[in-house]
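The values are calculated or read from the model by the stated rules, or taken from the named source; none is laboratory data. On a predicted model such as this, the values are computed, not experimentally measured, just so you know. Glycine also receives a Cβ, built like all others from the backbone with ideal geometry; neighbour counts cover every protein chain displayed. When the accessible area is computed, the model is the full protein with side chains, heavy atoms only, and any ligands, DNA or RNA have been set aside. Shrake-Rupley method; radii C 1.70, N 1.55, O 1.52, S 1.80 Å.
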Amino acid sequence: MTDVSSPEDVQGTDTRRPGPISRVVALFRNTWRNLTSMGTALVLLFLLALGAVPGALLPQRSLNASKVDEYLAQHPTIGPWLDKVQAFSVFSSFWFTSIYVLLFISLVGCLTPRMLEHVRSLRAVPVPAPRNLTRLPKHAEAIVPGEPDAVAEQMAKRLKGWRQTTRTLEDGTREISAEKGYLREFGNIVFHFSLLGLLVAIAFGKLFGYEGNVIVIADGGPGFCSASPAAFDSFRAGNVVDGTALHPSCLRVHDFDARYLPSGQATAFAANIDYQDGADLVSGTWRPYRLEVNHPLRIGGERIYLQGHGYAPTFTVTFPNGQTRTSTVQWKPENALTMLSSGVMRVDPPGGTYPDDRERRKHQIAIQGLFAPTAELDGKLLSSSFPAMNAPAVAIDIYRGDSGLDSGKPQSLFSLDPSLIEQKRLTKQARVNLKAGEQTKLDDGTVVKFDGAVPFINVQVSHDPAQVWVLVFALTMMAGLLVSLVVRRHRVWIRIVSAQPGTVNVELGGLARTDNSGWGDEFERLTARLVGGTEA
């Protein structure tokens, strides 16, 4: 009778299909292996660098929302598509964050087993010598006077700095196994863990940091106090910053000093300021400081930078009843080389000048035009020939009517609302060029006088609690990279066998585990030191 066996019995294997749980586990395991490979980490690092390119080339909404609006207006076709993929908010976009998080996970999964493997290799003893040392890339033989034990001990001493072990075989042969270059892998691990720490520090700084910009007028201007985000002209806060825990400080600007080449190129900027911090706010004490570019004022974990400067023209408006209003407002530099600036000023009549608010709004004064610190006229066209305030002048259009001050809508600091002019709510009264001290009179008796200008500075207040850690991890990254590039991993085996009475046969073999460049010369020097007893 024939015994018929199933295919499983014949082949000794189980051909049953894995269940759904097994397939899910296998999918997760393979995905994790691919994600935590060094190749994937390098690809993600490249994608992170590539993803940062749009953030450098395109205006970012967090830095300058008006520039983004201007770009969208100039590029009506591609602009909305870029906005949909968050190209104007690159560093907070979902795709950039996804790459960032995946890179973090990949580095953690890749480095953890490598670190454990490195710890195990540090605890392990050097491997025994191969049976045939002549097959190694580097090999040498010599006959040395002495006994095997004495020669082995002497050569072990000359291998200073090498991890080594000495073995005695059954036939009396002595073998020395030595290795060096473990710092190479250690430096490699330090580099990658520092990169991981750098990513964490940057993310922490983005979450808990904030940055604000404000313009502060010099020479008796109102100054600035960082009590809340509302005190800044623009404020960018981290995701977990609500603005209630800002470090309170105040500053005021005495004067601004700029030095220029004859061509108008600036060589140095500095502002003499006073500031208050902590207990100074209670006592009213002001402390002096000279604020310079790349030399910020550091107080309470904040850094106050001098970022830019410009000019704020001063106008005095005398209304028909003799009441006056004087105002100083910063204007925007249009030419960084000559500091030709443009801007607008809105002047509201003092209370009681007109019988009601409706009539008062009809007599608001709006001034819009150009300011030149060193005026140069080509006919009636005003330009500036130098950025220093040598001969200040303005070319202005003067409007009367509703300037939008009471509309409740936000108004541009540097231009009038064109719709107000189109709707005849603002009507042009005059177009004049004025030097400092000159004035013009409107048809209703209103006098507009240009008093001159004072400088202003653009101040940036930054708080980044992870700044020191970013520096630390950047330095350790460079140190780890340097170690991994300089240190080479080498192995040496020495076999000592008794020969003629009073002599031993010494056989050496060398292997470069990483870079073989220069190992030949080093092996020859090592052989001379071990066999001949001479220092290399």
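Tabulated data for the structure shown
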| item | result |
| --- | --- |
| Cross-chain or 6+ apart pairs with Cβ under 9 Å, the range 18-34 first and part of a helix (DSSP H, G or I), then open to solvent by 100 Å² or more (accessible area, probe 1.4 Å) and modelled with pLDDT under 80 | R23/R17 |
| Matching residues, the range 448-467, being modelled with pLDDT of 90 or more and more than 16 Å from S226 (Cβ to Cβ) | V448, K449, F450, D451, G452, A453, V454, P455, F456 |
| Strands (runs of 3 or more DSSP E) completely within the range 137-188 that count 2 or more residues being surrounded by fewer than 17 Cβ atoms within 10 Å (Cβ to Cβ) | 138-145, 163-168 |
| Residue within the range 345-363 that is assigned to a strand (DSSP E or B), among the hydroxyl-bearing types (S, T, Y) and open to solvent by 10 Å² or more (accessible area, probe 1.4 Å) present | no |
| Subset tally (residues that are open to solvent by less than 30 Å² (accessible area, probe 1.4 Å), free of Cβ contacts under 8 Å to residues at least 60 places away in the same chain and either on the phi < 0 side of the Ramachandran plot or in contact with a Lys or Arg (Cβ under 7 Å, 6 or more places away or on another chain) (or both)) for the range 312-339 | 0 |
| Selection from the range 219-257 of residues that are assigned to a strand (DSSP E or B) and open to solvent by 30 Å² or more (accessible area, probe 1.4 Å) | C225, S234, F235, R236, A237, R252, H254, D255, F256, D257 |
| Boolean, A453 is small (G, A, S), assigned to a helix (DSSP H, G or I), in contact (Cβ under 8 Å) with a residue 12 or more places away in the chain and open to solvent by less than 50 Å² (accessible area, probe 1.4 Å) | no |
| Selection count where residues are free of Cβ contacts under 8 Å to residues at least 60 places away in the same chain and open to solvent by less than 50 Å² (accessible area, probe 1.4 Å), scope the range 396-428 | 12 |
| Residue check for V504: in contact with a strand residue (DSSP E or B) (Cβ under 6 Å, 6 or more places away or on another chain), in contact (Cβ under 8 Å) with a residue 40 or more places away in the chain and either open to solvent by 50 Å² or more (accessible area, probe 1.4 Å) or assigned to a helix (DSSP H, G or I) (or both) | no |
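Residue-by-condition table, conditions (1) exposed (fewer than 13 other Cβ atoms within 10 Å of the Cβ); (2) touching a residue at least 24 places away in the same chain (Cβ under 8 Å); (3) touching a His at 6+ places or on another chain (Cβ under 9 Å); (4) not in a loop (DSSP other than H, G, I, E, B):
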{"position": "A41", "(1), (2), (3), (4)": "no, yes, yes, yes"}
{"position": "P54", "(1), (2), (3), (4)": "no, yes, no, yes"}
{"position": "P59", "(1), (2), (3), (4)": "no, yes, no, no"}
{"position": "K67", "(1), (2), (3), (4)": "no, no, no, yes"}
{"position": "G79", "(1), (2), (3), (4)": "no, no, no, yes"}
{"position": "L82", "(1), (2), (3), (4)": "no, yes, yes, yes"}
{"position": "F88", "(1), (2), (3), (4)": "no, yes, no, no"}
{"position": "F91", "(1), (2), (3), (4)": "no, yes, no, yes"}
{"position": "Y100", "(1), (2), (3), (4)": "no, yes, no, yes"}
